[in-house]
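So the structure is just underneath, and the comments pick up after that.
No lab work stands behind these numbers, since they all come straight from the coordinates. Given the structure is predicted, the values throughout are model-derived calculations rather than measurements. Here the Cβ positions follow ideal geometry from the backbone for every residue, glycine too, while neighbour counts run over all protein chains shown.
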Amino acid sequence: MEFDFPGVASNAVQADLLVVPCHEGDTPLKGYAFADAVSKLFLKGDFTGKRGQAMILPSNGAVAATRICLLGMGKGEDESVRAFADTLCDVFRGSAIDTLKLKHVAVALEVELKHRGFKPELVGRAVADAAIFGSYFFRRLHTKDKHTKRQFAEKVSLVGAKNKELKAGVEKGATVAKYACLARDLVNEPSNFMKPRDLAAAAKKMADETPGLKCKIIEKPEIEKLKMGSFLGVNAGSDDPARLIVLEYNGGKKGDAPVAFVGKGLCFDTGGYNIKANSLGMKGDMGGGAATIAALGACAALKLPVNVVGVVPATENEISGKAYHPGDILISMSGQTIEVDNTDAEGRLILCDALTYVQRTYKPAVIADMATLTGAAVVAVGNRYVAVMGNDQSTVKKMLASFETVGENAWQLPLPDCYDKLLDSPICDMKNIGGNPGTITAGLFLQRFIDKGQKWLHLDVAGSALYDGENWGLWNSKTPTGSPCRAIVQFAEDWHAANKGKGKK
Ligand SMILES: [Zn+2]
């Protein structure tokens with residue numbers, strides 16, 4: 001998709017469709033120079049600007065574009081940049097673009113920028129997000145024309161305003177959205193095409209194509225040497241050997257402690273001997289890993305002035321004569337012993353060794369792990385929120401702010417000591433499940449692998465990464481979202497901005 005800034009007034013742009021954001025009221029076209037001419041195209045009252053109302057009309061010469069889309073932005077609480085992005089996304093996703101074969105879409109911005117006073121950079125990002133996510137479609141495995149030839153917008157012109165921040169916002173938004181779509185693709189791939197080796201190959205390919213990004217794949221023999229007994233315990237039942245995917249981007253000062261992301265790369269989760277009654281959808285259990293891989297690509301493509309490392313333990317959780325059993329005890333890389341109370345609580349077992357690895361190898365300034373970790377997270381915050389936990393309140397607040405900036409929802413859950421003892425085992429250091437509250441006890445389990453003084457965040461994306469709802473804002477119906485890729489890229493940028501000049505940590 002191409003974005004341009006033709007530098008003409010909205011009424012003069014030659015396009016297949018001119019989208020005109022309108023605010024609810026008696027005069028929804030207020031603020032546009034072409035208001036009178038366009039008002040003649042529809043009956044008063046037919047279009048009020050109610051949020052989400054979209055009316056496509058032939059322009060009949062009222063403007064240079066062939067058609068106009070009057071787009072209702074609502075009023076009051078609806079009037080945020082995020083609401084603008086969400087509503088605009090519906091136009092790009094809508095069937096009109098396909099059925100009318102609209103390749104070139106222009107968006108009129110004079111009202112959003114001049115009259116609403118939205119920040120140009122955020123408006124630019126909103127247009128890029130809306131256009132790219134609204135045009136997202138996993139086409140690779142379709143063979144029929146209606147899918148392979150489905151039309152999406154190819155060119156998007158931003159008109160009615162022109163400034164440097166707007167352009168910078170589009171460039172940043174488009175870059176991050178492109179990588180978030182890579183995360184969507186990785187999660188969309190079925191498990192027979194997305195084994196640990198395929199996930200590793202995808203990370204390698206991305207790194208090869210992205211200047212400044214390094215990728216190292218640690219193979220099973222070396223994982224054995226590293227004594228990642230917990231990670232290897234989960235991998236035992238799978239014919240596909242475990243891999244530890246490590247991505248490094250050094251955009252910051254040499255020697256500056258990196259921001260570390262650790263993502264769960266569970267390519268298929270049968271549940272193991274605690275078998276799931278229904279494992280449909282469990283190809284997506286590598287959503288956190290996909291977001292981590294994509295985020296590293298985005299950080300490098302944006303040339304962020306910060307050092308970032310991404311670590312993804314990749315494996316399947318299978319059933320076979322070699323698989324681990326309930327009651328087995330695993331010796332983690334940290335040396336701590338873990339009783340496998342439930343083989344389906346495997347995400348934390350692969351993450352804990354990755355957390356030890358990243359701390360020992362990189363001594364990060366901050367770590368954020370992300371995982372489709374617990375069904376309990378879907379119960380707690382649903383599929384439109386990410387559950388955020390952490391051991392340092394100011395770091396948690398920073399992460400929540402980064403989510404806010406990119407227009408994604410996150411909510412903090414506590415990690416209180418009183419639930420930590422639920423993880424104690426009578427036979428070794430800890431069990432891998434502590435019961436309810438399941439999202440919190442999973443977070444507390446991971447916290448046992450965090451060194452004293454290490455800033456750490458845990459993001460449970462069980463609901464948000466594998467979104468199974470209706471079309472909603474930038475998220476498409478029953479489609480992986482790429483969450484939390486955009487938020488963690490923002491976090492890396494914000495972390496740098498807040499800590500520059502503060503020395504190593
Ligand atoms: Zn599981």
Computed label-point distance, nm, for sites Lys227 and Asp26 using a 7 Å Cα→Cβ extension: 7.9 nm
Alpha-carbon Debye profile of the chain, log10 I(q)/I(0) at 0.08 Å⁻¹: -0.51
Residue order, fewest to most beta carbons within 10 Å, for Met73, Met333: Met333, Met73
Cross-link table Lys75/Lys500; Lys227/Lys478; Lys167/Lys500; Lys276/Lys322, entries beyond 30 Å C-alpha to C-alpha: Lys75/Lys500; Lys227/Lys478
Residue-wise HN-Hα coupling along the range 347-354, computed from phi with Karplus coefficients 6.51, -1.76, 1.60 (Hz; x: Gly, Pro): x, 5, 6, 8, 5, 4, 5, 5
Global geometry of the range 414-505, whether rounded, prolate or oblate, following the gyration tensor of its Cα atoms and the 1.5 cut on a/c: oblate
The range 45-85: radius of gyration and largest Cα-Cα distance (Dmax), Å: 12.0, 34
Estimated FRET transfer efficiency (Lys303, Lys276; beta-carbon r; R0 45 Å; 0.05): 0.60
FRET E, pair Ala201, Thr361, Förster distance 25 Å, beta-carbon r, rounded to 0.05: 0.65
Check: the range 180-269 dipole with +1 on Lys, Arg Cβ and -1 on Asp, Glu Cβ, in debye: 320 debye
Ranked list, fewest to most other Cβ atoms within 10 Å of each Cβ, for Met389, Met399, Met286, Met228: Met389, Met399, Met228, Met286
Whole-Hz couplings from phi, Karplus 6.51/-1.76/1.60, listed for the range 215-227; x for Gly and Pro: 10, 10, 9, 8, 8, 4, x, 6, 4, 5, 5, 6, 6
Potential extension, Val8-Asp468 segment - 0.36 nm per residue separation minus Cα distance: 161.5 nm
Per-residue ³J(HN,Hα) for the range 100-114, Karplus 6.51 cos²θ - 1.76 cosθ + 1.60, θ = phi - 60°, Hz, x for Gly and Pro: 8, 6, 8, 8, 10, 10, 10, 10, 7, 10, 4, 6, 4, 8, 7
Span from the the range 34-66 Cα centroid across to the the range 462-505 one, whole angstrom: 36 Å
Simple label model, 7 Å out from Cα along Cβ direction - Thr148 to Val379, nm: 4.6 nm
Spatially proximal lysines relative to Lys149 (Cα-Cα < 17 Å; intrachain offsets below 8 disregarded): Lys101, Lys103
Check: the chain dipole with +1 on Lys, Arg Cβ and -1 on Asp, Glu Cβ, in debye: 1300 debye
Two-site FRET efficiency, Lys478 against Ser394, from Cβ-Cβ distance with R₀ of 45 Å, rounded to 0.05: 0.75
